[in-house]
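Notes follow once the structure below has been shown.
The values are calculated or read from the model by the stated rules, or taken from the named source; none is laboratory data. Here the structure is a predicted model, which is why all the values come from computation and not from measurement. Cβ atoms come from the backbone with ideal geometry, glycine included; neighbour counts cover every protein chain shown. What goes into the accessible areas is simple: the full protein's heavy atoms, side chains included, and nothing from ligands, DNA or RNA. Shrake-Rupley method; radii C 1.70, N 1.55, O 1.52, S 1.80 Å.
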Amino acid sequence: EGVVRRLAEGVAERCEAAVPDDWKWRGFRTLLIDGTTLSMPDTEANQAEYPQPTSQAEGLGFPIMRAVALMSLATGMAVALATGPYAGKETGETALFRTLFEKLRRGDELSHGDLVLADRYYGGWFMLALLQALGVQFVTRLHQHRTADFTRGKRLGKKDHIVTWAKPPKPEWLDQEAYDRLPAQLEVRELEVRVDIPGFRTESLVVVTSLLDGSVYTHADIAALYRQRWLIELHLRDIKSTMQLDILRRTRPEYVRQELWTGLLAYNLVRQSLLQSAIASGRRPHQLSFASALQMLANTWVLAAFLNDAPVPPHTTPPHTVISAHERLTALRILNGHTHLVGDRPNRVEPRAAKRRPSVLALLTELRTAARDRLKAGRTSKS
């Protein structure tokens, strides 16, 4: 598990170092953070480490793993991942995110460091204060338990101001020493973003950031950056649906984690190929289709078995134009970057409904062994 994890993280780190400077938002390494869940076979070992939700009867549910992913805005790669049970003490998304703090880079006089882009779930006082203590910038949505009053604070523009938040009482998960080290108040910038697109659900939202200089980081810049937070939803969809990692297949938790990290290594390697294609074609990785890249690479792996570096006979190809197997595969990867583009529809509106009907099979509401016994007895229903 550890070896595969280090390989996956190493691919992401090396590729991040290779991206052009103009891909970095204002010089920051911008990271997206979000959580998701994965399921696995209903075995005793899996249930012991990743119990099913308590709302489900025993034998009718599946073990659930919670995962929090830290992903690069520039490359779309999984930089780090934390996993834990779905429920229990210190198993929430923010608790798992705190275990990834060692992956974050502090800014200094020579480098801007990291900027974390997150949804409102990560916008609590202590999370933002801890990020500031790490020297990490943030852009997030105002937490659901707070309201913005733009008549207070230092005004930077219309619905754009700097305010101070007083330190709340100590939460249970934070020790007293760490609590005392945090400042008595937190200075943040709040700005309202209007969504004037017909069909979109939210008409306005408040974004919170540690980027206080309004002349350097304008209202429009912050609003455009926060909109890109949605990309992590697409990346997680690629991992869970396209890579088919939403339902893991191993029967023991250590093997489940190994399977997950092996899948993430494969995901990052496909993203590496997309990065090569994007740089060669003058595009960004999120403009290229991940699913098409995966299909193309699978085809080239089959093709590679029939390619070799032996010279082609002179009567068919001049010696100076001999193409090696590696060169052919590289050409195919670059070709993919030119031909498989994602539709550019930034304001697309679609109903949240599916045309295709769900499965005609009923849900299992009793133990499978009991259902078999009932059918063998000639009874079609439980009554």
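In region 132-142, how many are closer than 22 Å to Leu205 by Cα and of a type outside the set (Phe, Trp, Tyr)? Steps first, answer last, please.
Of all residues in region 132-142, those closer than 22 Å to Leu205 by Cα come to 137-142.
Narrowing further to those that are of a type outside the set (Phe, Trp, Tyr): 137, 139-142.
Counting residues in region 132-142 that are closer than 22 Å to Leu205 by Cα and of a type outside the set (Phe, Trp, Tyr) gives 5.
The residues of region 90-118 that are acidic (Asp, Glu) and open to solvent by less than 10 Å² (accessible area, probe 1.4 Å) amount to a single one, Asp114. Out of all the residues in region 27-50, is one or more within 18 Å of the chain's Cα centre (by Cα), open to solvent by 30 Å² or more (accessible area, probe 1.4 Å), among the hydroxyl-bearing types (Ser, Thr, Tyr) and at pLDDT below 95? No: zero hits.
When you scan region 135-187 for strands (runs of 3 or more DSSP E) that lie fully inside it, which ones turn up with 1 or more residues that are touching a residue at least 24 places away in the same chain (Cβ under 8 Å) and over 29 Å from the mean Cα position of the chain (by Cα)?
Working: elements: 137-141, 154-157, 160-166.
The qualifying strands (runs of 3 or more DSSP E) are 154-157, 160-166.
Checking region 119-126 against the condition returns no match, with no residue being under 22 Å from Ile239 (Cα atoms), touching a Cys at 6+ places or on another chain (Cβ under 7 Å) and either open to solvent by 60 Å² or more (accessible area, probe 1.4 Å) or among the hydrophobic types (A, V, I, L, M, F, W, C) (or both).
For first residues located in region 371-383 and within 18 Å of Leu60 (Cβ to Cβ), partners that are of a type outside the set (Ser, Thr, Tyr) and surrounded by fewer than 10 Cβ atoms within 10 Å (Cβ to Cβ) and lie 6+ apart or on another chain with Cβ distances below 7 Å form the pairs Arg374/Lys382. So, Leu60, is that one aliphatic (A, V, I, L, M) and open to solvent by 30 Å² or more (accessible area, probe 1.4 Å) or not? It is true that Leu60 is aliphatic (A, V, I, L, M) and open to solvent by 30 Å² or more (accessible area, probe 1.4 Å). Within region 27-40, residues that are free of Cβ contacts under 8 Å to residues at least 60 places away in the same chain and within 11 Å of Tyr122 (Cβ to Cβ) reach no partner that is aliphatic (A, V, I, L, M) and in a strand (DSSP E or B) with beta carbons closer than 9 Å at six or more positions or on different chains. When Trp261 is tested against the conditions (1) among the aromatic types (Phe, Trp, Tyr); (2) at pLDDT 95 or above; (3) in contact with a Ser or Thr (Cβ under 8 Å, 6 or more places away or on another chain), the lone failure is (3).
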